[in-house]
Amino acid sequence: MFLVLAEELHFGRTAARLHLPQPRVSRLIAALERRVGGKLFERTSRRVALTPLGRLLRDQAAPAWAALQAAVGDASAAARGSGGMLRIGCTVFATGPPLTRLIDRYRRSRPGDEVTVQQVDIWDPYAMLRRGEVDVLVNWLPADEPDLTSGPVLEYRDRVLAVGRRHRLADRDQVGWEDLGDEEVAIVPPTYPQAIADKVIPRHTPSGRPIRRTHSPHNVDQVLTLVALGRIVHPMATSVPMAVRDDIVLIPIRDMPPLPLGLIWSTAHENTRIRELVALACREVNGSPVRPGLTNENTEYAW
């Protein structure tokens, strides 16, 4: 119950999600706070927010709860005589032949396992991973987060600049990173990982000129609409089908490093299925297996 309320930050929605009366939710949370010895939530008539103590409990309890759910799922699968489940999350940018080949290899390696692929929020890609709703995420690397492990690269994608059809750069065969100093780009939301944001849309040109972030779109469709209208330009990776439009031109950026696309998982949730997927991905990339027990500190990948 605590973790649901920590996610919803609303007693009514929490009660509805758990199919409990709202007063009972309030009483149970109050009992937990008495047991812990401090307030977990700040409550006003308008909002519910986690206290620092609440955030500490959430951050430590969520991985344990996800691990318990995974263990129960494995035990249930074993009781039915079937394999486990590997849940792969990816953004709309991350799908493609490398991921398809990797899933196919995994299914041949562990034929008793079920594999599912779920789409995650582009602007908040780690949320489902941290909630234990997916086991592995396919996204841009690296995941510079203390609780996450960045795994092997599945592919590198070259960089292009999306501009409107009537933009002054639209007739160019290619552009340089320095050209972004003359343009405006989108402001990414605070939920987007900062390390990835600075790789996708750098803050400065190679000479040190700031790249102006001036518009705050709510989703990718709004980003592309602003591009098409000539309000912003957008540096992105190749192989993004939604960007192939008659009103947008994609121009190669000759000197911007390609974006690595690879595997990310919660370090605390690592299990045999994740290790098998990572090992297969490494063999796909460089033909060499990897040792188990991967962590941020002891793993090296070629990116």
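The values are calculated or read from the model by the stated rules, or taken from the named source; none is laboratory data. Note that the structure is a prediction, hence the values are computed from the model and not measured. Quick reminder, even Gly has a Cβ in these numbers, built from the backbone with ideal geometry, and neighbours come from all protein chains shown.
Only one of (1) out of contact with any helix residue (DSSP H, G or I) (no Cβ under 7 Å at 6 or more places or on another chain); (2) over 30 Å from His218 (Cβ atoms); (3) not polar (S, T, N, Q) is not met by His167, so which one is it?
Failing condition for His167: (2).
Look through Arg245, Arg231, Arg275 and report the one residue that is in contact (Cβ under 8 Å) with a residue 40 or more places away in the chain and among the basic types (Lys, Arg).
So the residue among Arg245, Arg231, Arg275 that is in contact (Cβ under 8 Å) with a residue 40 or more places away in the chain and among the basic types (Lys, Arg) is Arg231.
List the strands (runs of 3 or more DSSP E) inside segment 209-280, counting only whole elements, that have at least 2 residues being over 21 Å from Trp140 (Cα atoms) and over 22 Å from the mean Cα position of the chain (by Cα).
Output list reads 212-215, 248-252.
Are any residues in segment 95-154 farther than 25 Å from Val188 by Cβ, under 18 Å from the mean Cα position of the chain (by Cα) and without any contact (Cβ under 8 Å) to a residue 40 or more places away in the chain, and if so, which ones?
Across segment 95-154, the qualifying residue is only Thr116.
Out of the residues in segment 131-173 that are basic (Lys, Arg) and over 26 Å from Leu263 (Cβ atoms), state the one that is surrounded by the most Cβ atoms within 10 Å (Cβ to Cβ).
Once the filter is applied, the top-ranked residue is Arg172.
For Val185, work out the one condition from (1) at pLDDT 95 or above; (2) in a loop (DSSP other than H, G, I, E, B) it doesn't fulfil.
So Val185 meets the others, but not (2).
May I ask you to list the residues in segment 4-43 that are among the basic types (Lys, Arg), surrounded by 13 or more Cβ atoms within 10 Å (Cβ to Cβ) and in a helix (DSSP H, G or I)?
Matches in segment 4-43: Arg13, Arg17.
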